[in-house]
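Structure first, then comments.
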Amino acid sequence: MKGERRARRLVRDRSGGLCEGCDRGYATDWHHRQNRSQGGGWRASNGMHLCRWCHGWVGDNPVSARERGWSIRRAADPTRERVWLARHGWCLLSDA
């Protein structure tokens, strides 16, 4: 649980409470870039803070979500997979 709390805090701090997908809505949902069922853990590099709409969009648009780095493959290392964040553009996320 300690790792989950730390990851949630780091991602919340990174987002500033706004959706990292659209930068318009309040970030209400934690999103695992690499699904937990695929071994994706509670790491800041594997998490995004999204509004409800953007979180639903990921599930409805898997190809586009993968193109943006919002969803990554099972074998991927989240720290090495670029992700597009509304406020920052293309970047790599760390666990710090």
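The values are calculated or read from the model by the stated rules, or taken from the named source; none is laboratory data. Note that the structure is predicted; figures quoted are calculated from it, not measured. A quick note on method: Cβ atoms are made from the backbone with ideal geometry, for glycine too, and the neighbour counts reach across all protein chains shown. Ligands, DNA and RNA are stripped out before the accessible areas are found, and what is left, the full protein with its side chains, is counted by its heavy atoms. Shrake-Rupley method; radii C 1.70, N 1.55, O 1.52, S 1.80 Å.
Whole-Å semi-axes of the chain's equivalent ellipsoid, largest first, each the root of 5 times a Cα gyration tensor eigenvalue? Before the final figure, lay out the partial values.
Working: eigenvalues 57, 53, 31 Å².
Sorted largest first and rounded, they come to 17, 16, 12 Å.
Obtain the nm distance between the two label points defined at Asp23 and Asn61 by a simple spin-label model: each point lies 7 Å from its Cα along the Cα-to-C-beta direction.
Placing both labels 7 Å beyond Cα along the Cβ direction yields 1.6 nm.
What does the charge dipole of the chain about its Cα centre add up to, to the nearest 20 debye, if the Cβ of each Lys and Arg holds +1 and the Cβ of each Asp and Glu holds -1?
Details: 19 positive and 10 negative charges, 57 e Å.
In debye, rounded to 20, the chain gives about 280.
Heavy atoms only, probe 1.4 Å: what % of the accessible area of the chain goes to carbon and sulfur, would you let me know?
Details: 2750 of 5730 Å².
So the carbon and sulfur contribution to the accessible surface is 48 percent.
Could you check the spin-label model distance between Trp84 and Asp13? Points 7 Å from the Cα along Cα→Cβ, value in nm.
Each label point lies 7 Å from its Cα, and together they span 2.8 nm.
What is the Cα centroid distance between the range 1-30 and the range 67-96, reported in whole angstrom?
The two parts, judged by their Cα centres, are 14 Å apart.
What is the set of long-range amide H partners of Leu18 at a cut-off below 5 Å, with H atoms built 1.01 Å from backbone N?
Correct list: Ala27.
Considering Cα pairs under 8 angstrom that are at least six residues apart, work out the relative contact order of the chain and quote it in whole percent.
Values: 170 pairs, mean separation 26.5, N = 96.
Averaging sequence separation for qualifying contacts and normalising by length gives 28 percent for the chain.
When the Karplus curve 6.51 cos²θ - 1.76 cosθ + 1.60 is applied with θ = phi - 60°, which whole-Hz ³J(HN,Hα) does each residue of the range 5-14 get, with x for Gly and Pro?
4, 5, 4, 4, 5, 4, 5, 4, 5, 5
Give me the accessible area per residue for the range 1-88, probe 1.4 Å, as a whole number in Å².
On the way: 5240 Å² over 88 residues.
With the other protein chains kept in place, the range 1-88 gives 60 Å² per residue.
Using θ = phi - 60° and the Karplus curve 6.51 cos²θ - 1.76 cosθ + 1.60, what whole-Hz ³J(HN,Hα) does each residue of the range 37-50 get, with Gly and Pro shown as x?
Whole-Hz 3J(HN,Hα) from phi for the range 37-50: 5, 9, x, x, x, 7, 10, 4, 5, 9, x, 9, 9, 10.
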